[in-house]
Structures are given as C-alpha cells and as structure tokens.
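Computed from the coordinates by the stated procedures, all read-outs in this text should not be read as laboratory data. Note that the coordinates shown come from a computational prediction; the quantities given were computed from them, not determined experimentally. Glycine gets a Cβ as well: all are built from the backbone with ideal geometry, and neighbour counts include every protein chain shown.
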Ligand code: 13P
Ligand code: SF4
C-alpha cells in the first residue's frame, strides 16, 4: 500500500476502534504526523493517564508502552513493533534487590529512571524522567538514594543535589547518547559559531559541561521556542529535529552527531501502526501485582511534578 493509503486506513480504524496514537519525539516524521500526541516520556505518561480512548497505540519503545499500560490497566495498550530500549535492559530486579540489601543501613530510597521495565519499577519508591530527575531527588527526605540505570543522568543529577547517590548498574547508559563526543560538538561549533548547543542529560558529563541548555526532549523544544537565537546544535536523537523545524520554521538546527539514531525508535512505520490497529497487536500484558506496585512509583512522580 502507498503511504497515503496507510494514513487513510489508520485514521479510519482509529475512529472505528476509539483508539489514540501516542508517539515519542524520536519517532519517524510520518508517525509524528499521524499521532494524536507527540511528546517526551513525562508528557506521554501524563497523556496516557488522561486518555478516554479504549485502545492506546504507543509508538515508542517497550518501557514507554508498559508505563501507559500501568496507568491504564483496563485498556488495551498496543506497541506496533517489539522495540526495546537497550538502556532499560541494563537493569534487572535482582540488581535492585542486591543494592537495597547492601545499603540497608543507610535507609535508601530507590529512584528509577522511567527507562526501566515494570518489574524494576515495582521495586522502586519513585520513577523519574530526564525532565524531573533533579526535582524528584530533592523532594525526597532520605539522604541516600539508589538510582538507575542511566549513569550519565545520575552524574548530572548529582551536581544539583546534596544527596548520596548510588548508581546501579555502575555504567548504565543510552548507546545513542553516550556516543556523542566533545569533538562532535567542537566540529559543529566551528561550522556554526553562532549556534547554541542543547543537550539531553543522557549525554556524557564532558558533553553536558559545554552545553548552553540541558533538558528532556520536550524541555529542549520549549527552550528553542523561547530563545532569541536562530541556530541550534542538537545533542540528542536526531528524530527530534523534525518537530524542531516544524515548530520553528525560521530557525536552523544541526545534529550534534549524524549517527545519534536510536534504531529501536525507528522500527515503527506506517505499515506497523496500520497492522497494530487492524490486528490489535502487539498487546502489552503485565502481571497485576507488578503493575499495582509500579503504578505507585509513577504516580508519586506525577504528584511531585
Ligand atoms: P525524553 O523523556 O527526554 O523524551 O527521553 C526519553 C529517552 O528515551 C531519551 O533517550
Ligand atoms: Fe533507549 Fe536511548 Fe533509544 Fe532512548 S534513545 S529509547 S534511552 S536507547
């Protein structure tokens, strides 16, 4: 089928089945265009919690669709492709239990980046996203916090809190962001000396140190909109550049690295969204007890922000 035909069928099936399409900022342009809501992990979690639709089509990666299911246990949540986040795979429930036992005497709270599986969230006290990690950490009374799986986000957050942060696993990271180097930024700055450099906190400490702004994908979009500057070097997955250009047609955007592509985010196509709607696949199914525990952690985060 042609793209236009897929789009027509997606819109028809969406109405017929009372479905909503949520898409992350890194999704392909054509997916962002057919979505009812495009946003960062936090925005998508909040939107998922508010929807009146019977079916949620989640265009993103596994942990995001799981979060939508946890917040909507009675709804059908579908992920068009079995797209996994490699960072979420770096942390296991066993590792959390081991850390809890090891640091028990320090009465630690467990704060997990939303990029984790439901079985891990179920063992946490709070979830957080890149948009609110610092705020969540500073709102907790415990002095010691077990935090995972992103060591770069943990490192960034440490600079903005007095808490004793224990990172699990030791070197968890997002391969897409971790590979963006200081040299990439220096090169981009040589070519575009008037551009401001905006970066995602999943980048390394060295890269974040030379950024003019650090924030979640949605916070980057807000910063660009409110900035007087006309050019930006973008230190995150390059899929966000589509929305940046669409919403700021008079500004210029340059990827910090042309290889900052998340292959998992790019798996979703118009064909897979169509198949998801037509055949109602792939359904997210999670254990009720795990969902109930994980929901508490996500709701505590939402209550704070
Ligand atoms: P945001 O919450 O900033 O959109 O980030 C999600 C993510 O997976 C970043 O790689
Ligand atoms: Fe996971 Fe990184 Fe892809 Fe985000 S960009 S989904 S953190 S691998």
Discussion item. I'd like to check something: does segment 162-175 contain any residue that is assigned to a helix (DSSP H, G or I) and more than 13 Å from ligand 1 (Cβ to nearest atom)?
Written reply: no
Discussion item. I'd like the full set of residues that are more than 13 Å from ligand 1 (Cβ to nearest atom) and over 18 Å from residue 304 (Cβ atoms), limited to segment 38-56.
Written reply: 51, 52, 53, 54, 55, 56
Item to complete: Looking only at segment 68-75, decide whether some residue is in a loop (DSSP other than H, G, I, E, B) and within 13 Å of ligand 2 (Cβ to nearest atom).
Response: no
Practice prompt. Filter segment 148-161 down to residues that are in a loop (DSSP other than H, G, I, E, B) and under 15 Å from residue 111 (Cβ atoms) and give me whichever is nearest to ligand 1 (Cβ to nearest atom).
Written response: 150
Fill in: residue 117 within 27 Å of residue 64 (Cα to Cα) and surrounded by 15 or more Cβ atoms within 10 Å (Cβ to Cβ)
yes
Discussion item. Looking at segment 76-91, can you tell me whether even one residue there is free of Cβ contacts under 8 Å to residues at least 40 places away in the same chain, more than 14 Å from ligand 2 (Cβ to nearest atom) and surrounded by fewer than 24 Cβ atoms within 10 Å (Cβ to Cβ)?
Written reply: no
Discussion item. Kindly evaluate residue 169 against the criterion of being over 20 Å from residue 43 (Cβ atoms), within 16 Å of ligand 2 (Cβ to nearest atom) and crowded, with 23+ Cβ neighbours inside 10 Å.
Written reply: no
Item to complete: Considering only segment 22-37, state which residues are in a strand (DSSP E or B) and more than 10 Å from ligand 1 (Cβ to nearest atom).
Response: 22, 23, 37
Worksheet entry | Close pairs from segment 25-43: first without any contact (Cβ under 8 Å) to a residue 40 or more places away in the chain and closer than 28 Å to residue 299 by Cα, partner in a strand (DSSP E or B) and more than 8 Å from ligand 1 (Cβ to nearest atom), Cβ under 6 Å, at least 6 apart | 35/21; 35/23; 36/20; 36/21; 37/22
Item to complete: State whether one or more residues within segment 179-198 are within 15 Å of ligand 2 (Cβ to nearest atom) and outside any loop (DSSP other than H, G, I, E, B).
Response: no
Worksheet entry | Matching residues, segment 255-276, being buried (at least 23 other Cβ atoms within 10 Å of the Cβ) and more than 16 Å from ligand 1 (Cβ to nearest atom) | 273, 276
